[in-house]
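Structure first, commentary second.
The values are calculated or read from the model by the stated rules, or taken from the named source; none is laboratory data. The model shown is predicted, which means the values in this text are computed figures rather than measured ones. Here the Cβ is made from the backbone with ideal geometry for all residues, glycine too, and neighbour counts use every protein chain on show. In case anyone asks, the SASA skips ligands and DNA or RNA and just uses the protein heavy atoms, side chains included. Shrake-Rupley method; radii C 1.70, N 1.55, O 1.52, S 1.80 Å.
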Amino acid sequence: MGKRRWDYQARGRQTLLWALAGFLTVQLVGGLLLDYRWPELRFPSAEATMKALAKQPHDPEVICLGSSRFGAGFVQEEIRRRLEEATGDSDWLVFNAAIEAGDLITAEYVLRQVFEQGIRPRVIVVEISPETLARRSEWMGQHVLRQLTWSDLPEHWDAIWRSGNLLRTVSARILPLHAHRHQICRRLRNEIGSWLESSDRNSEAGRARKARRKKKADKIPDHGVPWEVFQELASDRHDPSRIEAGLPAIRRWLKDYEPGGSAARSLDNILTLAKQQQATVILVGVPVAEAHRRLYTSAIEQAFRDHISAVCQQHDCLFVDYRHRIPDPLFQDNHHLTRAGGSEFSRLLAEEVLIPVLRSRQAVTLGKPASSAENHRRLR
C-alpha cells in the first residue's frame, strides 16, 4: 500500500511539473510572438498613431514626438495654418505623433517605426524636460508593458531597477499572455467580427442589405493624433486644485535628480537617426504651470541645461524653452494645456521656431547655407 501511494504521489508531481513546464512554454512562445510578430498588441496606441500616419497623402514636413503634454499642446491644424499664412503654400502636413507617457524612450520607438515605414519628415520636434531626461523614469512601468522586449532589457535594466519596476518586468516577461489578455481578447473579437461580416457580405442576404445601405462619404485623413485620443484633455476648464494635485508625482520623479541613463541614450539615438535621414531636430521644453516649474531647483535646472547644451553641441540640434511661456489660466493641471493654451503654444512655436527653421532648410536646399549658430540666435 505504501509503495502504491508513493507511486501515485510521484506521478502526480511529475504531471504537475509537466503542466507547469507546458504553461511556461506557452507563455514564453506567446511573449516572443507579442515582442516580434504582433508588437501592436502590446502597444495599441502606437499602432493607432502609425495607422493614422500611413493614411496621410504625403510625408509630413513636421512631426512631433512626446507625451500627452505635446498631445494637448501641439495643435497640428493651428501650426499648419500658420505655415500656410507665412508661405502661401496650402500643402503643409503637420503630424502630432504624441503618445500618453511618451518620454524619450517612447519617442525613439515611434521614430524608428516612422523611418521603417519609409516616411521622411523634414523637421522632428521632440518634447524634453528635466523629468523625461532623468535617469529614473516614472513611466518605466509603462515601457516594460508596451515596447521593451527581451533584447531591450539589458540596456534598460538600471532604469527598471531605479524606478522600482523589477517585479512588473518579471511578471510581464513570464506571464505576457496574462499581462496583455485584454488587448488579445479585443483583437480576437475584432477578427471574429470581421470574419462574420465578410461571410455575411458574401451571402445573398448580405449583398441585399449592402445594396440598401447609403454610400458613406469618404473620411478625411486624420492629420495626426486628434483631441479625442486624450479625452481627459478635451476641455478648457482651468482648476487650480488640479495643478496642486499633480505635483507629488513630479516631486517623486525629481528626487535625487540626475540626467542620463536610458533616457539620455534614447535622445542620442533619436538625434543619430534624424541625422542619418537629414532631418532637423528641435528639442522643445513644453509649457508647464508655475508651481510645476518651482520644483526645478537650481541644481536640477543646472544639471538639465548642462546636459542639453552638451547634446546640442555634439549633435548640432536646437533647444527652445517654452516651459515658462504660457500663463497658468491656460492650463488644466500642472502640465496639460487647455485647448486655448494649446493653440497659443502652437502659434508661438510655429512663428518663432518652425517657420525660421523651415526657411533655413529651404535656403540650404537653394545653396544658401545658414550656420546653426545663426539659426540658434534667431530662434532664442
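Under the condition of being of a type in the set (S, T, N, Q) and either free of Cβ contacts under 8 Å to residues at least 24 places away in the same chain or touching a Cys at 6+ places or on another chain (Cβ under 9 Å) (or both), which residue from the range 88-125 is farthest from H143 (Cα to Cα)?
Going through the qualifying residues, I end up with S90.
Can you name the number of the only condition in (1) open to solvent by 10 Å² or more (accessible area, probe 1.4 Å); (2) within 21 Å of V320 (Cβ to Cβ); (3) out of contact with any His (no Cβ under 7 Å at 6 or more places or on another chain) that A98 fails?
A98 satisfies all of (1) open to solvent by 10 Å² or more (accessible area, probe 1.4 Å); (2) within 21 Å of V320 (Cβ to Cβ); (3) out of contact with any His (no Cβ under 7 Å at 6 or more places or on another chain) except (1).
For Q27, are the conditions met, namely being open to solvent by less than 60 Å² (accessible area, probe 1.4 Å) and either of a type outside the set (A, V, I, L, M, F, W, C) or out of contact with any helix residue (DSSP H, G or I) (no Cβ under 8 Å at 6 or more places or on another chain) (or both)?
Details: open to solvent by less than 60 Å² (accessible area, probe 1.4 Å): yes; either of a type outside the set (A, V, I, L, M, F, W, C) or out of contact with any helix residue (DSSP H, G or I) (no Cβ under 8 Å at 6 or more places or on another chain) (or both): yes.
Criteria met by Q27.
Cβ contacts < 7 Å: first residue surrounded by fewer than 17 Cβ atoms within 10 Å (Cβ to Cβ), restricted to the range 161-183; second residue among the small types (G, A, S), any location; separation 6+ or different chain. Result?
S171/A179; L177/G30
Name the residue that is surrounded by the fewest Cβ atoms within 10 Å (Cβ to Cβ), counting only residues in the range 273-309 that are in a helix (DSSP H, G or I) and within 18 Å of the chain's Cα centre (by Cα).
Among residues in the range 273-309 that are in a helix (DSSP H, G or I) and within 18 Å of the chain's Cα centre (by Cα), the one surrounded by the fewest Cβ atoms within 10 Å (Cβ to Cβ) is L273.
Quick grid of which residues meet (1) more than 21 Å from A107 (Cβ to Cβ); (2) of a type in the set (K, R):
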{"residue": "W6", "(1), (2)": "yes, no"}
{"residue": "A48", "(1), (2)": "no, no"}
{"residue": "K51", "(1), (2)": "no, yes"}
{"residue": "V75", "(1), (2)": "no, no"}
{"residue": "E85", "(1), (2)": "yes, no"}
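Scan the range 57-71 and tell me whether some residue there is under 28 Å from W253 (Cα atoms), assigned to a helix (DSSP H, G or I) and touching a Lys or Arg at 6+ places or on another chain (Cβ under 9 Å).
no
Which residue, of R4, R13, R82, is in a helix (DSSP H, G or I) and surrounded by 17 or more Cβ atoms within 10 Å (Cβ to Cβ)?
Result: R82 is the single residue among R4, R13, R82 that is in a helix (DSSP H, G or I) and surrounded by 17 or more Cβ atoms within 10 Å (Cβ to Cβ).
From the list V320, V284, which one is of a type outside the set (K, R), modelled with pLDDT of 95 or more and touching a Phe, Trp or Tyr at 6+ places or on another chain (Cβ under 8 Å)?
On the way: V320 fails: touching a Phe, Trp or Tyr at 6+ places or on another chain (Cβ under 8 Å).
None of the others qualify; the one that does is V284.
Check off (1) open to solvent by less than 10 Å² (accessible area, probe 1.4 Å); (2) part of a helix (DSSP H, G or I); (3) among the polar types (S, T, N, Q); (4) under 29 Å from I282 (Cα atoms) for T132 and give me the number that stays unchecked.
Every listed condition holds for T132 apart from (2).
Can you say whether A249 is on the phi < 0 side of the Ramachandran plot, in a helix (DSSP H, G or I) and in contact with a Ser or Thr (Cβ under 7 Å, 6 or more places away or on another chain), as far as the supplied structure shows?
no
Quick grid of which residues meet (1) among the polar types (S, T, N, Q); (2) closer than 27 Å to A52 by Cα; (3) surrounded by fewer than 18 Cβ atoms within 10 Å (Cβ to Cβ):
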| site | (1), (2), (3) |
| --- | --- |
| R112 | no, yes, yes |
| E116 | no, yes, yes |
| R120 | no, yes, yes |
| V123 | no, yes, no |
| D152 | no, yes, yes |
| W157 | no, no, yes |
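Of all residues in the range 139-195, how many are in a helix (DSSP H, G or I), under 19 Å from A46 (Cα atoms) and of a type in the set (S, T, N, Q)?
3
Residues are listed down the side, and each one gets a yes or a no for (1) at pLDDT 90 or above; (2) within 26 Å of C312 (Cα to Cα):
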residue	(1), (2)
G71	no, yes
I79	yes, yes
F115	yes, yes
V126	yes, yes
S129	yes, yes
W161	yes, no
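Among the residues of the range 316-341 satisfying the criterion of being closer than 21 Å to A249 by Cβ and charged (D, E, K, R), which is surrounded by the fewest Cβ atoms within 10 Å (Cβ to Cβ)?
Among them, the one singled out is D328.
Any chance the range 216-224 includes a residue that's open to solvent by less than 100 Å² (accessible area, probe 1.4 Å) and either part of a helix (DSSP H, G or I) or at pLDDT 90 or above (or both)?
No, the conditions are met nowhere in the range 216-224.
Would you say I270 is assigned to a loop (DSSP other than H, G, I, E, B) and among the hydrophobic types (A, V, I, L, M, F, W, C)?
On the way: assigned to a loop (DSSP other than H, G, I, E, B): no; among the hydrophobic types (A, V, I, L, M, F, W, C): yes.
Considered against the rule, which asks whether it is assigned to a loop (DSSP other than H, G, I, E, B) and among the hydrophobic types (A, V, I, L, M, F, W, C), I270 comes out as no.
On the basis of being among the hydroxyl-bearing types (S, T, Y) and open to solvent by 40 Å² or more (accessible area, probe 1.4 Å), does T49 make the cut?
No.
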